[in-house]
Each structure stands twice: as C-alpha cells, then as structure tokens.
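Working notes, beginning with the structure itself.
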Amino acid sequence: MTPKKLTPGEITASVEKIRKRYEEYTSKYFKPSSLRRAFEERYLKALQAKVDVSSFLLAEISAIQELIAREEERIHQGPARPAEKEPSFADKVLEENRARISGYREVVFDPDAGEEVRRLVGALTDLVTERWQDLAHALKDTMYAMNSSEMLSLDSQLRSLASPGGDEAPHALTRLVAQLRKFPRSYAVIDREEKDYILAGAFFLHDLHDVLTRVVEVHTGLAAARRAVVEQCAQQVWTLISDFRLKDLKRKRRGERREA
C-alpha cells in the first residue's frame, strides 16, 4: 500500500518528532550526537533529490523507533545473572577475544559497525601514522625499499584499509558505511562487508610480516638501528595478527599444499 501523503504541517511535525527521538536516543542511551546530524544530512539530500518526503519520513520514524525499542529491550532484560547460568565456553572465548583487542584504538566511524572492525581500523591507522615513515627509512637500500613493487602494493593496501584522517571510515569500508546508513538494513550484506574487510586486513598483515622477516634474514649487514626498527615492526604486526585471531587467514600461495 502506498503511504498517505503528508501535508506541509504534518511534514514539519514529523521532522520535529524525529529530531526529538534522536535527542532522546543520544542522551538517554549515551549514543553519539553524530546520529542526529546524519539524519539531518539524509533529510537535506532527500529534499534536494526531490524524493517522496512522506515515504522518507515514515521510514526514518520507523528506524529511530526501532533503535529506541532495541535499547529499551536491552535495559528491561538486565544483566545476565551468573547464578542462573554459568558462562559457556563460547562466551568465555568471546570475552577473551574482546579483552585482547580492547587495548587498540577504536575508530568509531559508525557506532553500529562491529567492534572488531572499528578496532582493526584503529590498529592499522596507528601502523601507518606511527611506524610507516620509520619503516620506509629502515628499508631504504634493501630489495624492499618503498619504491619496490611489493612495498608499493603494500603501501596502497594499507592506505585503503586505514582511516585517512584518523577518525573516519577508510576507503575499503565505503560499501559498509553505505549499508549501515540504509533503512531497512540488510544485516547479511553488512556481515559480509565486515568479513571482507577483516580478510583484506589479514592478507595485508601476513604479507607485510613475510616481507619484514625476509629483510631480517637476507640483509644481515643492516645497520643496528635500522634492523631494530624492522624487527620491532615485525613483532608489532605479528601481535596484531595474534590479537585479532588472523593467523589462519593467510593468502594461499601458488603451488602451496595443505598439510594433511
């Protein structure tokens, strides 16, 4: 059924209602104020594109009410009572995994993106801002100088995976951001986009670690200070791989056999 067209007065009232709902959502449930700004941006774009404003506003009202209802349900359910049920093995593993990545900076480009993705973005962003320049200096005059084909490829991958400004979505997550802004959402698509990003990050980290390991093994005459930078970076990369449980997500090389 086609939704009823709203009158100008109803449109104004609906917009104000949505704004108040977002104010309630952000203040009562401690959500970022950027969510309301995102609505304002969507509304402005809808007006500019001359879409059906009635349908747009009805969808926005439904979306914010769903978000509020979800938070209310979470509050009413309350914390789990340990006396009733001991944490399962899976629960313990999940909690351990959260603890392992909790020390990494979180880039909250969208509060509804998965925590693992947000923290992996932070870890890769810190890698490019804190390590990359020193690594470039350490690798000069080696077969993996930054102008080598392999390092140029890794540099391109890292800059796609990392946040360009330090607090925004990386280029590699453009499609995920678009999906998170859609209502209704396709959670299957969102899950796939997040998994694709994690896989791309895993491939990059393994490839970089392989390069750094080869540099240490081959360039035995590397100056001590430069060698230390390479070794420290290799250790940092391996820690990332371990903390984010990426050890098995390694690119399969041509001719590589699986062990029985």
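FYI, it's all coordinate maths here, none of it is from the lab. For clarity, every value in this text was computed on a predicted model and none was experimentally measured. Cβ: placed from backbone, ideal geometry, glycine included. Neighbour counts: every protein chain shown.
Here are some notes:
- Plainly put, the chain has a radius of gyration that is 1.08 times its Kirkwood radius, both from alpha-carbon atoms, as the Rg/Rh ratio.
- Net charge dipole, region 8-77: roughly 220 debye, given to the nearest 20, about the Cα centre with Cβ charges of +1 for Lys and Arg and -1 for Asp and Glu.
- The value of relative contact order for region 98-243, using C-alpha pairs under 8 Å at least six residues apart, is 26 percent.
- Counted over all Cα-Cα pairs of region 116-183, pairs farther apart than 20 Å make up 37 percent.
- Under the span-like rule (Cα at least 15 Å along the axis, Kyte-Doolittle mean at least -0.5), DSSP H helices of the chain: 53-77, 115-130, 149-161, 187-218, 224-243
- Which of 247, 17 has the fewest Cβ neighbours within 10 Å, and the rest in rising order: 247, 17
- GluC sites (Glu not before Pro), loop per DSSP, at most 12 other Cβ atoms within 10 Å - longest free stretch of the chain: 85-255
- Residues of region 142-158 with amide N under 18 Å of the 7 Å Cα→Cβ point at residue 129: 158
- Once the Cα-Cα distance is subtracted from the 0.36 nm per residue extended length, the residue 217 to residue 252 segment shows a gain of 10.4 nm.
- Mean-position separation - Cα centroids, region 25-39 and region 140-191, in angstrom: 26
- Put a dot 7 Å past the Cα of residue 7, heading toward its Cβ, do the same for residue 140, and the two dots end up 7.3 nm apart.
- Calculated FRET efficiency for the pair residue 46/residue 71, C-beta based, R₀ 41 Å, to 0.05: 0.95
- The equivalent ellipsoid of region 165-214 has semi-axes of 28, 13, 5 Å, largest first, where each one is the square root of 5 times an eigenvalue of the Cα gyration tensor.
- Three-way shape call for region 98-243 based on the alpha-carbon gyration tensor, with the a/c threshold at 1.5: prolate
- Taken along the Cα-to-beta-carbon direction at a fixed 7 Å, the label points for residue 167 and residue 185 span 2.2 nm.
- Shown here for region 179-222: trypsin sites (Lys or Arg not before Pro) in loop regions (DSSP other than H, G, I, E, B) with at most 15 other Cβ atoms within 10 Å, namely 181, 182, 185.
- Computed lengthening from residue 19 to residue 239, 0.36 nm per intervening residue step minus Cα-Cα distance: 74.8 nm
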